[in-house]
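So the structure is just underneath, and the comments pick up after that.
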2 protein chains.
Amino acid sequence: MLKIDPDRLLNDLRHLRTFGATGPGVVRLSLSSVDMDARRWLAGRMNDAGLTAAIDGVGTVFGRSRNAGPALLIGSHTDTQPTGGWLDGALGVIYGLEIARALAECEETRSFAVDVASWFDEEGTFSGFLGSRSFVGDDVDEAIRGARNREGLSLADALAQAGLAGKPRVRLDATRHKAYMEPHIEQGGRLEAHGKSIGVVTTIVGIRELRLRFTGQRNHAGTTPMSIRRDAGAALVAFIARMDDAFRPLADADTVWTVGRIELDPGSFSVVPGAADLYLQFRDASAQRLRAMETALASLIRDFNDEGKVGVAMVDSEPPEEPVVMDAGLQAHLAQAAEAFAPGQWERMPSGASHDAQLLAHHMPACMLFVPSIGGVSHDFIEDTAEAHIVKGCEVAARAAAEILRTLNA
Amino acid sequence: MLKIDPDRLLNDLRHLRTFGATGPGVVRLSLSSVDMDARRWLAGRMNDAGLTAAIDGVGTVFGRSRNAGPALLIGSHTDTQPTGGWLDGALGVIYGLEIARALAECEETRSFAVDVASWFDEEGTFSGFLGSRSFVGDDVDEAIRGARNREGLSLADALAQAGLAGKPRVRLDATRHKAYMEPHIEQGGRLEAHGKSIGVVTTIVGIRELRLRFTGQRNHAGTTPMSIRRDAGAALVAFIARMDDAFRPLADADTVWTVGRIELDPGSFSVVPGAADLYLQFRDASAQRLRAMETALASLIRDFNDEGKVGVAMVDSEPPEEPVVMDAGLQAHLAQAAEAFAPGQWERMPSGASHDAQLLAHHMPACMLFVPSIGGVSHDFIEDTAEAHIVKGCEVAARAAAEILRTLNA
């Protein structure tokens, strides 16, 4: 009978927390000394669990089952944000470790192969998702040369200092890796608000990120009458109201858009702003809706320029991230396991945050399971999840893993 | 017959421009070496004009007529903004010099006393209006100890380095100084828009300057649904729209309000802002209207907090500057002179900018005359005024000065 060990699971999570512990939170930036200590400890725990583990040439900790495939790959990340919580990423990695152990201890599942990964730099201290990008075969050498952390250290130098330069890089083995599972904290407040303990992820949302620049005329704030001003800041404020009006009818309950930053130039009490920058991000699970929002935005920009005392232009944008749909078959396994361990206490939901799973999903069937975040908080020292939810999530993930592997081996 | 010398006037303005000339503009920050060179040159020109001139212990250049009072004091400033124009301040000082010379050269006016001042640090490199504040008797010793320029140099040290520490400070002589005149460029576009060449200032507007802080809840921009967000930035944007609606019916054509700076915290694409700061300034010639705007703002803040997913509070404000009315008798002299030299081409108007005159006006009758700014531009390298307007302004100011002195001596 497959059974995880809750104490072993929680003790490993708590031990991982000690690397970079800062009050209730964790500061474990990629390739910092505490991060490398954590990676070495993790590789040791993987080896103890019977996996063949190593830190690869881009910092990913990979533990490979000694069993032949097909293998289920379970992964997440052990690096943190600059003010990180103890579970963001860590939860999924330690779930993988515990599931590998639990399956090995059970007569019916001990021949199944579970490989476990802690993908390097999901949080982007140097370059976001670098470990999973390298694993799926993206060319990351340019990123390794060019990416720098906030102190200006290049990733190439940091990898060399950590003794990782030149080490082999683990790569996806298409003959072996047939499914990917990423358990994770929700990082939002939906499960808690709905009184649920498990989320089965349907889609990882797509993202658009761009900067709009408004160009008016800088002027003296005392001597320039309101009637003749070309105030770039006032135009930006008016634009936001019109954008909200345009997006609202296009949105569903999960559509989000955020103005995260506003800069007025020159930014002084006494000067009518001559230029103003608006930093906009929007996310949705539907590629079609994202395109509709882009179209609405382009139309607003056109109208604004036509009326125009103040001009507006998109001056910068990130490459679009399209929504990534989770595999229906794997979702069904998660749903069945959730119903078994938490009947009526689970729901399907999109992931509003990005995860390594969105990289892996282009190369094999992928799924994600969420556990509730207390108060919906993450990327913060006080991020937490109830112990009962941590344990329940691992039970569900382990059951689903066993069923996925049974199907793969059938 | 009183007559200014246009070439002498323009040549002195052009010579002053050479100190700190930067392209078409001027960079002459208070107590910089070019500023001290300019002050020494100016004192020399005042002495050449028959005034007894010196740089005082706070950097003010003061040229005193050898004639007995009552004296008309004419002043402005020769320091500039970090990216200054060649006429802002300089114009009024050189007008004073030229008027002193012209009056001395005319039989009927040669016994009249015109004292000329270049007040120290009007632009606030260290501490705005410090020269005129010292002159009218304000205690400036604390400001001298505490004020620093952008490089961190204290005003006390800068005065010592310039050799001015311990020198006597020129003070208002109530038995002598019976009227103050400050000619200045308009720094706005009104005279140009109306096709006028002279402005007679009615009032220097009052100013309110304050910072409002909005406090919501910082959250993940991907995982936090719009419906439960407490977005401080979105609240700030909504507040501005309501503030505009509240101020508009209170305003007249000269009322101005400006949001010069907006800061969202933490200011990243991916984070719903938890706090947001709005930097607001408003100006008006009517003390009553300024109070009505303050009342409207307080009421908006109360309503916003009552509704309140996001709180708002005034966290910072400058001491209120009340409007300062120019003396009616002096205005009448300026108006008569303007009508004589520029019939139909002058108008009365408030000053939207602050000037040393607002300090002097509390101690003696004061007036200001404006000449047009091309394109309404000031505090910019391209600030300029047509030569014909520069000459016309000085002719008007000289005639008015003679008439004011005739009245004072009657």
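The values are calculated or read from the model by the stated rules, or taken from the named source; none is laboratory data. As the structure is a computational prediction, the values presented were derived from the model and not from experiment. With ideal geometry, Cβ positions are generated from the backbone for all residues, glycine too; neighbour counts draw on all protein chains shown. Surface accessibility is based on the protein's heavy atoms, side chains included, excluding ligands, DNA and RNA. Shrake-Rupley method; radii C 1.70, N 1.55, O 1.52, S 1.80 Å.
Some notes on this structure:
- Nearest 10 degrees, 0 to 90: helix A:287-307 Cα axis against chain A principal axis: 10
- Remark: for residue pairs B:Lys3/B:Lys392; A:Lys3/A:Lys178; B:Lys3/B:Lys196; A:Lys196/A:Lys392, the C-alpha separation exceeds 19 Å in A:Lys3/A:Lys178; B:Lys3/B:Lys196.
- Pairwise burial A:B, computed as accessible area of each alone minus the pair, summed, 1.4 Å, Å²: 3500
- Once the Cα atoms are used to define both axes, helix A:90-104 deviates from the longest principal axis of chain A by about 20 degrees.
- Computed magnitude of the charge dipole of region B:206-317 (debye, nearest 20; Cβ of K, R +1, Cβ of D, E -1): 200
- Computed over protein heavy atoms with a 1.4 Å probe, the accessible surface of chain A works out to 38 Å² per residue.
- Whole-percent carbon and sulfur share, accessible surface of chain A, 1.4 Å: 50
- Reported value for chain A: 150 Å³ per residue, from the convex hull of its C-alpha atoms.
- Table column - 3J(HN,Hα) (Hz), region A:400-405, Karplus curve with 6.51, -1.76, 1.60, x for Gly and Pro: 4, 4, 4, 5, 4, 5
- Positive contributions from Lys and Arg (+1) and negative ones from Asp and Glu (-1), summed over other residues with Cβ under 13 Å from the Cβ of A:Arg145, come out at -3.
- Shielding value for B:230-243 is 3, the average number of Cβ atoms from other chains within 10 Å of each residue's Cβ.
- When DSSP beta bridges are restricted to pairs lying wholly in chain B, around 65% turn out antiparallel.
- Shape call, region A:155-270: gyration tensor on alpha carbons, a/c limit 1.5: oblate
- Its Cα gyration tensor gives region A:206-317 an equivalent ellipsoid. The semi-axes, each the square root of 5 times an eigenvalue, are 29, 13, 11 Å from largest down.
- The protein assembly as shown: antiparallel DSSP beta bridges as a percent of all, rounded to 5: 65
- 3J(HN,Hα) couplings calculated from phi for region B:249-257 with the Karplus curve 6.51 cos²θ - 1.76 cosθ + 1.60 (θ = phi - 60°) are, in sequence order, x, 7, 7, 10, 5, 9, 5, 10, 9 Hz; Gly and Pro show x.
- For the pair B:Glu294 and B:Glu108, label points projected 7 Å from Cα toward Cβ lie 4.7 nm apart.
- Comparing B:Glu142, B:Glu294, B:Glu108 in a Gaussian network model of chain B, where Cα atoms under 10 Å apart are tied by springs, the biggest mean-square fluctuation is seen for B:Glu142.
- Under a model in which nothing but the beta-carbon of Lys, Arg (+1) and Asp, Glu (-1) is charged, chain B shows a dipole of about 280 debye around its Cα centre.
- Relative contact order of region B:206-317: 44 percent, from C-alpha pairs under 8 Å at least 6 residues apart in sequence.
- Two-decimal Rg/Rh across the protein assembly as shown, once Rg and the Kirkwood Rh are taken from alpha-carbon atoms: 1.15
- Compared with the dominant principal axis of the Cα atoms in chain B, helix B:33-48 is inclined by about 30°.
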